[in-house]
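Read through the structure below, which is laid out as structure tokens, and then see the notes.
Laboratory data are not the source of any read-out in this text; all were calculated from the coordinates shown. On a predicted model such as this, the values are computed, not experimentally measured, just so you know. In this analysis, Cβ positions are derived from the backbone assuming ideal geometry, glycine residues included, and neighbour counts consider all displayed protein chains.
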Amino acid sequence: MPEGIEARAHKVTRLAYVIIAAGAFALDQVTKGMVERRIPLYDVVPVIPHFFNLTHTKNPGAAFGLFADSPAPWKTALLVVVSALLIAIVVGVVWRSRRLDWHTGAGLALILGGAVSNLLDRIRFGRVVDFLDFYFRGYHWFTFNLADSAIVAGAFFLILEVTFSRHE
């Protein structure tokens, strides 16, 4: 491929990753705002009976409720610092990579968009809004948000790339 075409393709691909990250960020922020405006704290709105509710909760801890009950005064600061470092690592990997496989780039973009959204909430409010509540019989998953979903989906893309990559 001529050098000019390859450079333009690389710019388009990076633009796609920016759009994915921005989309994950925006969708998470919009849905959290809707939940805060329309569902009172701790109220449950059944969507699919015996399987899925919208439940307005506030999570001062990490993903899946880790450290949520910890009274440690440094908890939020530690979560902000760790999140910021991980975001810096993701940005550094994307920035330094001349060419990323689509799964890798999309995965990193989803992780970045979700992580930045949750980080912004942690900095502004000291917690994140969680509202997606799945359960089946006696098993109840931790309530989460779209940023968490983007991070998990991004990690899944990275696992797929590592597992099924034909690269050496």
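Each Cα pair under 8 Å and six or more residues apart adds its separation to the average, and for the chain the resulting relative contact order is 30 percent. In the chain, helices alone account for a calculated mean residue ellipticity at 222 nm of -21500 deg cm²/dmol, with every DSSP H run of four or more residues adding -39,500 (n - 2.57).
Each peptide in 88-96, 101-109 was scored by the mean count of other Cβ atoms within 10 Å over its residues; highest first, the order is 101-109, 88-96. Relative to the dominant Cα principal axis of the chain, helix 102-125 is inclined by about 40°.
When its C-alpha radius of gyration is set against 2.2 N^0.38 Å (N residues), the stretch 3-164 gives a value of 1.15. Dipole of the chain computed with +1 at Lys/Arg Cβ and -1 at Asp/Glu Cβ about the Cα centre; of ALA153, ALA62, LEU119, farthest Cα towards the positive end is LEU119.
Helix 75-96 axis versus longest C-alpha principal axis of the chain: approximately 20°, rounded to the nearest ten. When the chain is treated as a GNM with alpha-carbon contacts under 10 Å, the residue of TYR17, TYR139, TYR42 showing the greatest mean-square fluctuation is TYR139. At a Förster distance of 35 Å, what's the computed FRET efficiency of SER97 paired with ILE123, Cβ-Cβ distance as r, to 0.05? E(calc), rounded to 0.05, equals 0.80.
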